[in-house]
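Have a look at the structure below, then the notes.
The values are calculated or read from the model by the stated rules, or taken from the named source; none is laboratory data. What you are looking at is a predicted structure, and each value in this text was computed from that prediction instead of being measured. Here the Cβ is made from the backbone with ideal geometry for all residues, glycine too, and neighbour counts use every protein chain on show. In case anyone asks, the SASA skips ligands and DNA or RNA and just uses the protein heavy atoms, side chains included. Shrake-Rupley method; radii C 1.70, N 1.55, O 1.52, S 1.80 Å.
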Amino acid sequence: MKRTAAEPVWRVTATPAALEAISHLVAERGSVMFFQSGGCCDGSLPICFDNGEFIIGGHDVLLGTVGRCPFYIDGRQYQVWRHTQLILDVGDGAPEGFSLPAGGDKHFVTRSRVFSAEERAALDDP
Amino acid sequence: MTTDVFVAPGRPGSLVEVKPRYENFIGGAWVAPVKGQYMANVSPVNGKPFCEVAKSTAEDVELALDAAHRAKGAWGEASLAERAAVLNRIADAIEANLEMLAVAESWENGKPVRETLAADIPLCVDHFRYFAGATRSLEGRLTEIDKDTVAYHFHEPLGVVGQIVPFNFPLLMAAWKIAPALAAGNCTVLKPASPTPWSILKLAEVIADVVPPGVINIVTGPGGEIGKALATSPRIAKIGFTGETTTGRLIMQYAAENIIPSTVELGGKSPNIFFEDVMAEDDEFLDKAVEGLVLYAFNKGEVCTCPSRALVQESIYDRFMERALGRIQKIIQGNPLDRATMIGPQVSAQQLEKIASYVEIGRQEGAECLIGGQPAELKGELAGGYYFQPTVLKGNNKMRVFQEEIFGPVLAVTTFKDEADAVEIGNDTLYGLGAGVWTRNGNLAYRMGRAIKAGRVWTNCYHLYPAGAAFGGYKISGVGRENHQMMLEHYSQTKNLLVSYSTKPLGFF
């Protein structure tokens, strides 16, 4: 698919199912935040917290927003993940870790896609 | 006569009884969750629920903390001999029920019984015995500050500790945490992982009569609810956690809010490094090294120290990998209750999905799939289970499949030129939990072992977890050590009595 130069490239996006889950969470609890986890067990999953629950450090990177909620990643992890776009989605089953559920018996998942060379060139921090 | 295939828990003739429903183990008794909620517990072998466990809430954590606080005075003052006796009795009870617990663990987690019978459960037994011994050797220290002044240092228990364990070794990780906590005179409130809450309750049934009430308390339920309630509680004096990095940070943040210590063990991406001289002879050692590479499939790759990056010296890459792939091809996948099975199902549907998505990322990144690469479709009773083919991806260390823990039977393999290259690639990771080095050259093995930034470097072996060998992470793999008597320090605080035996005033006032 051809992109126009004006079209921005997002480091993180969300599927309609994820956006719907976020809007329910926000309506129910107020704003939420996401942090991309790594390593072991539930690693590689996005963890959804009430906004402010997880303390953001100076080396964390704000990848973008999903449904107006911030999505962060550890700065060191960012360095090894930055060639991929993260796509927030929803999967079946309650969260196995500390994340808020994506409504009912659902959990948030991160899907990934490797950026094309063209997209990488268009990123602020390619 | 030994059984080749164990009967699934709960079925006629099984070694393992399954009740329809399990409550929390609090104060030595079975206590229903305050809000009366339960959740289905699924076996990954066939994807079907086989019992219910308590879906606890913060109120249940409070009940467990009440019980632990009631017990902490007497247990903290129990003599070293009494503590050791209880730990030994726990070990004896587990040993007497070894096959039953092994089958329960396999059924709930999916790991093959050949592992639980030979490793998980015997290691639990040994772990309690090790700490029974360690507690007998606990000694305080004293310093003679001057002729009339003595500084006495006593180990005092912390009191009540919180412990959160992962799903990959539900019983062994619980043993790693419970044994030192008790040995140091503490009472514990333990939360098992959400996918594997049941086998630890079977263990509680076995040890209920030999542990004073309230010393061990187990509360099951969702991490976000009861894990948080436990970790944030001002009524715990320490939190121990094994799991992934963000939750580890969260645990440390909660600990900081209450100003209590934490130990966290947070995963890895361990390099397994094979030097060319492993192929200098075609002998038993080469066979061991080939098996050493295939150990990435141990416990279906759900191991924090999974040797998930193989670095093979380029001069032997083709010949060595031919052997290794031949061995991987012969891995028997299937019912974990069959002694012949080498790899069972992943612990949950969520994990299976994550593994598949990683292999897909690897393909997009340009990795070459040498074997496997997709979920395994098994038939009959196993059709609904969460099986993934043993997989090998060839690529380079900058790919995400080389950098991120997949927690499945997926090996990322690459080559290196020489020793310096091996060190550089081996250390090019955020993690530092484990590593393996394989060579016939002792000098090289030593240099590599010291150069790799990881808490444990297995040398000419892998995946051994004996009590007495300290285990823990460098870099973002965690803080603290387990599996060693130094744990007693992690679970104690130091009381200093500074005593003057002089009768003379200081003379200041």
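Assorted remarks:
- For residue B:423, the shell of other residues with beta-carbons less than 11 Å away shows a net charge of -2, using +1 for Lys and Arg and -1 for Asp and Glu.
- Across q = 0.10, 0.12, 0.16, 0.24 Å⁻¹, segment B:164-268 modelled as identical point scatterers on its alpha-carbon atoms has Debye log10 I(q)/I(0) values of -0.25, -0.37, -0.67, -1.52, in the order of the q list.
- Integer Hz, Karplus 6.51/-1.76/1.60 couplings in order for segment B:328-333, x for Gly and Pro: 5, 4, 8, 5, 8, 10
- Here's how it looks for residue B:474: its modeled amide H is under 5 Å from those of B:432, B:433, B:455, which are all 5 or more places away or on a different chain.
- Here's the picture: charge each Lys and Arg Cβ at +1 and each Asp and Glu Cβ at -1 in segment A:12-122, and of A:71, A:104, A:116 the one pushed furthest to the positive end of that dipole is A:116.
- Relative compactness, chain B, computed as alpha-carbon Rg over 2.2 N^0.38 Å: 1.02
- Segment A:12-122 - share of DSSP beta bridges that are antiparallel (%, nearest 5): 75
- Counting all C-alpha pairs of chain A, share separated by more than 24 Å (%): 26
- Charge dipole magnitude, Cβ of K and R +1, D and E -1 - chain B, Cα centre, debye nearest 20: 820
- Model label zone, residue A:20; criterion: amide N under 12 Å from point 7 Å along Cα-to-beta-carbon; scope segment A:95-124: A:103
- Alpha-carbon spread of the protein assembly as shown, three principal axes, descending order, Å: 87, 70, 67
- Amide H contacts of residue A:112 (H built 1.01 Å from N, in plane; Pro and chain starts excluded): A:87 sit under 5 Å, all sequence-distant by 5 or more or on other chains.
- Using θ = phi - 60° in the Karplus curve 6.51 cos²θ - 1.76 cosθ + 1.60, the 3J(HN,Hα) couplings for segment A:82-92 round to 5, 7, 10, 8, 9, 10, 6, 9, 10, x, 6 Hz; x is entered for Gly and Pro.
- Average beta carbon contacts from partner chains per residue of A:88-97, 10 Å cutoff: 6
- Volume of the convex hull of segment B:355-401 (Cα atoms only), normalised per residue: 60 Å³.
- Accessible area in square angstrom per residue, the protein assembly as shown, 1.4 angstrom probe: 39
- Rounded to the nearest 5, the antiparallel percentage of DSSP beta bridges internal to chain B is 45%.
- Sites residue B:29 and residue B:464 - FRET efficiency at Förster radius 41 Å, r taken between beta-carbons, to 0.05: 0.60
- In segment A:12-122, the portion of solvent-accessible area held by carbon and sulfur atoms comes to 54 percent [1.4 Å probe, whole percent, DNA, RNA and ligands not counted].
- Residue-averaged beta-carbon neighbours from other chains (10 angstrom radius) around B:367-380: 0
- Exposed loop sites here are trypsin sites (Lys or Arg not before Pro) assigned a DSSP state other than H, G, I, E or B and surrounded by at most 14 other beta carbons within 10 Å; excluding them, the longest clear run of chain A is A:4-67.
- Among the trypsin sites (Lys or Arg not before Pro) found in segment B:400-509, those both in a DSSP coil and sparsely packed, with 13 or fewer other Cβ atoms within 10 Å of their Cβ, are B:417.
- Sorting B:202, B:72, B:379 by accessible area puts them as B:379, B:72, B:202; the probe is 1.4 Å, largest comes first, and only protein heavy atoms count.
- Taking amide H positions as modeled 1.01 Å from N, with prolines and chain starts lacking one, the residues under 5 Å from residue B:393 and 5 or more places away or on another chain are B:370, B:411, B:412, B:413.
- Selected from B:130, B:28, A:56, residue furthest toward positive end of dipole (the protein assembly as shown; charges at beta carbon): A:56
- The separation of segment B:217-294 from segment B:424-458, counted between C-alpha centres, amounts to 18 Å.
- Low-density loop cleavage sites - chymotrypsin sites (Phe, Trp or Tyr not before Pro) in segment B:1-44, where at most 14 other Cβ are within 10 Å (DSSP): none
- Each residue of segment B:492-499 was assigned a 3J(HN,Hα) from its phi angle through the Karplus curve 6.51 cos²θ - 1.76 cosθ + 1.60 (θ = phi - 60°); the sequence is 10, 10, 9, 9, 9, 9, 9, 10 Hz, with glycine and proline shown as x.
- Ellipticity estimate at 222 nm from DSSP helix runs (n ≥ 4, -39,500 (n - 2.57)) divided over chain B, nearest 500: -10500 deg cm²/dmol
- Angle in degrees between helix B:98-109 and the longest Cα principal axis of chain B, rounded to the nearest 10: 70
- Relative contact order computed over segment A:12-122 (Cα-Cα under 8 Å; 6+ residues apart), in percent: 29
- Inter-label distance, nm, simple model (7 Å from Cα along the C-beta direction), residue B:69/residue B:85: 3.0
- The calculated FRET efficiency for the pair residue A:117 and residue B:369, based on their C-beta separation and a Förster distance of 22 Å, comes to about 0.45.
- GluC sites (Glu not before Pro) within segment B:293-401: DSSP coil, no more than 13 neighbouring Cβ in 10 Å: B:377
- The stretch between residue B:479 and residue B:377, if pulled fully straight at 0.36 nm per residue, gains 32.8 nm over its current Cα-Cα span.
- Kirkwood radius and radius of gyration were both taken over the C-alpha atoms of segment B:231-320, and their ratio Rg/Rh is 1.25.
- Degrees between helix B:58-77 axis and first principal axis of chain B (Cα, 0 to 90, nearest 10): 60
- 10 Å Cβ neighbours from other chains, averaged over peptide A:74-80: 4
- Whole-Å distance, taken between Cα centres, linking segment B:346-376 and segment B:101-152: 36
- DSSP bridge orientation in the protein assembly as shown - percent antiparallel, rounded to nearest 5: 55
- Compared with the alpha-carbon gap, the fully stretched path from residue B:284 to residue B:327 is longer by 14.0 nm at 0.36 nm per residue.
- Value in Å of the Kirkwood radius, where segment A:29-94 supplies the Cα pairs that are averaged: 12.6
- Size of segment B:48-168 as Cα extents on the principal axes (Å, biggest first): 71, 38, 22
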